[in-house]
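Below: the structure, in structure tokens.
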Amino acid sequence: MVYDKANELAQDIKNSEEYREYKATKEKAFENQTTASLIKEYHKLQITAQAAMVTGNKDDESLQRLQKIGELLQMNHDASAFLMAEYRLNRMVSDIYKILAEAIDVDLGMLEE
């Protein structure tokens, strides 16, 4: 029963406007190899920056590169649209996780800033 509901939720997410927009903007942005490479590099640098913040090992060079790539991507309409759609989808999934965590009394303090 619980797994059936989880599969139903997964299907609802796939049918959501957020997911459809994410998928369409991703396909458009990744048509251009340079844009695709920049987005992949941007994601890697985001993870590196987050890890550095957790460990306290600030890497100014990586942060500057992250900022510069972010600025380049914001100037590219397709990349910018994809990053915004990705953010909205991630936000929706995060909200769903919070709802589930609260329902079963799971502490999310470690995930909040």
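The values are calculated or read from the model by the stated rules, or taken from the named source; none is laboratory data. Just so you know, these numbers come straight off a predicted model, no measurement behind them. Ideal geometry is used to build each Cβ from the backbone, glycine not excepted, and the neighbour counts take in all protein chains shown.
Looking at region 28-38, is at least one residue under 28 Å from Leu100 (Cα atoms) and part of a helix (DSSP H, G or I)? No, region 28-38 contains no residue that is under 28 Å from Leu100 (Cα atoms) and part of a helix (DSSP H, G or I). Considering only residues that are at pLDDT 95 or above, small (Gly, Ala, Ser) and out of contact with any Ser or Thr (no Cβ under 9 Å at 6 or more places or on another chain), look in region 26-61 and name the one that is surrounded by the fewest Cβ atoms within 10 Å (Cβ to Cβ). Filtering region 26-61 for residues that are at pLDDT 95 or above, small (Gly, Ala, Ser) and out of contact with any Ser or Thr (no Cβ under 9 Å at 6 or more places or on another chain), the one surrounded by the fewest Cβ atoms within 10 Å (Cβ to Cβ) comes out as Ser37. When residues in region 71-100 are screened for being over 30 Å from Glu8 (Cα atoms), of a type outside the set (A, V, I, L, M) and under 14 Å from the mean Cα position of the chain (by Cα), 1 of them pass. Residues that are more than 14 Å from Phe82 (Cα to Cα) and not β-branched (Val, Ile, Thr) within region 29-57 comprise Gln33, Glu41, Lys44, Leu45, Gln46, Ala49, Gln50, Ala51, Ala52, Met53, Gly56, Asn57, listed in sequence order.
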